[in-house]
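Computed from the coordinates by the stated procedures, all read-outs in this text should not be read as laboratory data. Just so it is clear, the model here is predicted, and its values are computed rather than measured. Cβ: placed from backbone, ideal geometry, glycine included. Neighbour counts: every protein chain shown.
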Amino acid sequence: MVHIPSLTQVQLEILRLAKENPGESLQLSFESPVMGNGEPPTNHPLLIQEMIDLGLVEIQKSWVHCDISRFQRECWLEYCSNLELPSIYAWELWRKEFIASQEDSTTLFTPGEEFEDFSYVWVQEMEFRAVQPG
């Protein structure tokens, strides 16, 4: 009997992109908060590890570095794209909305209170490709 794994929508989208580009390496980036003693994550994010364990993708390269959250920065830029001159008031409103949007999340990325004070995060970047069944 053939076993069909249960994948999340994100995993299916990653696999779809990888299958559309056979033989090519694609790049993914994941952010996680800098916590505890500040050590970088040593494992792949769970959704990628599950795909590796199922033999669906293969990691070509992987690296971790600390940087300002690109996710927060992109969300902020999208939020203020229609504003002629973003203000500290707009920042405060966005910050509250951003924090509230993470209510059910297991990790919380809290931007700073100062204008455009984005969180420092661990950025896990990896190049991967879909594994063709043998």
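Some observations on this one:
- Rounded to the nearest 10 degrees, the angle from helix 9-20 to the longest Cα principal axis of the chain is 60 degrees.
- Comparing S69, S87, S105 in a Gaussian network model of the chain (Cα springs below 10 Å), the most mobile by mean-square fluctuation is S105.
- Placing unit charges on each Cβ (+1 for Lys and Arg, -1 for Asp and Glu) gives the chain a dipole about its Cα centre, and among A90, S69, I48 the Cα reaching farthest toward its positive end belongs to I48.
- Comparing mean-square fluctuations of L28, L15, L54 from a GNM of the chain with C-alpha springs under 10 Å, the top value falls on L54.
- About its Cα centre, the dipole of the chain is roughly 460 debye, where the only charges are +1 on Lys and Arg Cβ and -1 on Asp and Glu Cβ.
- Taking the empirical scaling 2.2 N^0.38 Å for compact globular proteins as reference, segment 1-133 has a Cα radius of gyration ratio of 1.26.
- In this Cβ point-charge picture (+1 for Lys and Arg, -1 for Asp and Glu), segment 70-118 has a dipole of about 100 debye about its Cα centre.
- Each of L12, L17 was scored by other Cβ atoms within 10 Å of its Cβ. Arranged with the fewest first, they read L12, L17.
- Ranked D117, D104, criterion: other C-beta atoms within 10 Å, fewest first: D104, D117
- What separates the Cα centres of segment 7-40 and segment 62-132 is a distance of 17 Å.
- Acute angle (nearest 10 degrees) that the helix 70-79 long axis makes with the longest principal axis of the chain, alpha-carbon atoms: 60
- In a DSSP loop and with at most 13 other Cβ atoms within 10 Å, the GluC sites (Glu not before Pro) in segment 1-100 are E24, E84.
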